[in-house]
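The structure under discussion appears below in the form of structure tokens.
The values are calculated or read from the model by the stated rules, or taken from the named source; none is laboratory data. All values reported here derive from a predicted model rather than from experimental measurement. We place every Cβ from the backbone using ideal geometry, glycine too, and count neighbours over all the protein chains shown.
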Ligand SMILES: Cc1cc2nc3c(=O)[nH]c(=O)nc-3n(C[C@H](O)[C@H](O)[C@H](O)COP(=O)(O)OP(=O)(O)OC[C@H]3O[C@@H](n4cnc5c(N)ncnc54)[C@H](O)[C@@H]3O)c2cc1C
């Protein structure tokens with residue numbers, strides 16, 4: 001069996017957390033290898049690049065990553081500015097991934113599909129804790145390889161594995177079929193980009209992302225008669241979704257898109273929902 005000490009630490013995902021993990025590993029004299037399923041670093045953030053985040057740059061930058069970048073001549077963005085997702089990728093993640101220290105340690109187009117221990121089937125436990133990790137990786141183009149690692153850091157995020165709709169973290173009946181039929185979108189679609197006008201859309205979830213979707217869809221509905229928006233939440237009121245105002249720890253979140261009190265509607269009150277049960281023609285479930 002291979003000695004773990006000589007092996008790299010495998011990092012799954014080249015988002016901000018995965019690249020930060022790689023930078024910290026290098027500072028500790030450990031060898032990282034980062035596997036990214038997408039074609040580029042920051043592949044998940046790119047998909048919502050059109051959205052501006054709530055936390056300013058200073059909360060989005062990792063200290064070890066900044067040290068690595070600054071050694072390579074990088075200039076930090078203004079710490080109080082609020083970047084779009086696309087800027088996090090172009091002004092931070094791409095320069096970080098391009099540093100001489102990291103560039104050859106990142107494998108894009110490489111999806112980790114399984115993690116096991118070398119030589120350990122399910123029935124074997126003796127020596128398991130000291131056996132190297134074994135990662136099975138599917139590469140773009142269809143080849144599959146297996147790689148050994150002394151440790152694995154899973155920073156694959158949640159973007160590609162959104163929570164199922166059921167209250168116990170399980171899919172509700174019909175959910176898988178609806179997703180397969182394209183009736184449930186991925187989280188945070190660019191609704192202004194088209195595809196929702198003239199349709200009835202059900203937004204599910206009571207977080208800030210859901211609230212933003214409802215507001216974006218309301219704008220589409222205003223410009224396109226026949227467009228309808230329904231919002232389903234489990235909580236008794238949608239208050240959690242509104243920005244926390246002056247008391248919010250993140251000012252941008254506190255202020256952002258919080259509907260004025262007179263425009264809020266308490267859907268928990270009897271009679272608040274439309275009289276008939278209507279089926280949406282599309283559904284957006286937010287993380
Ligand atoms: C609209 C929006 C606004 C947000 N605003 C904020 C904010 O203001 N402040 C804040 O702190 N956070 C915010 N977030 C949360 C934000 O997504 C996270 O803070 C950040 O992206 C987490 O980084 P990550 O590296 O953990 O995950 P991700 O950015 O999701 O990166 C994970 C990476 O792993 C890759 N991957 C996934 N599975 C595999 C696999 N099996 N094998 C290989 N690679 C894989 C993905 O392609 C992806 O590149 C926001 C999120 C959204 C959607």
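Each residue in the range 136-168 was checked for being assigned to a loop (DSSP other than H, G, I, E, B), more than 15 Å from the ligand (Cβ to nearest atom) and crowded, with 16+ Cβ neighbours inside 10 Å, and 2 pass.
In the range 65-84, of all residues being outside any loop (DSSP other than H, G, I, E, B) and surrounded by fewer than 19 Cβ atoms within 10 Å (Cβ to Cβ), the one that is farthest from the chain's Cα centre (by Cα) corresponds to 71. Residue-level check: of (1) farther than 18 Å from residue 154 by Cα; (2) touching a residue at least 40 places away in the same chain (Cβ under 8 Å); (3) out of contact with any helix residue (DSSP H, G or I) (no Cβ under 8 Å at 6 or more places or on another chain), residue 58 misses just (2).
Please indicate, with yes or no, whether at least one residue in the range 39-47 is assigned by TED's automatic domain parsing to the domain that holds residue 95, surrounded by fewer than 19 Cβ atoms within 10 Å (Cβ to Cβ) and at pLDDT below 95. Within the range 39-47, one or more residues are assigned by TED's automatic domain parsing to the domain that holds residue 95, surrounded by fewer than 19 Cβ atoms within 10 Å (Cβ to Cβ) and at pLDDT below 95. The conditions are (1) within 12 Å of the ligand (Cβ to nearest atom); (2) at pLDDT 95 or above; (3) not in a helix (DSSP H, G or I), and residue 50 fails exactly one of them. Which is it? Looking at each condition in turn, residue 50 falls short on (2). Based on what the data block shows, is residue 64 touching a residue at least 12 places away in the same chain (Cβ under 8 Å), closer than 27 Å to residue 135 by Cα and in the same structural domain as residue 14 (by TED's automatic domain parsing)? Spelling it out, residue 64 is indeed touching a residue at least 12 places away in the same chain (Cβ under 8 Å), closer than 27 Å to residue 135 by Cα and in the same structural domain as residue 14 (by TED's automatic domain parsing).
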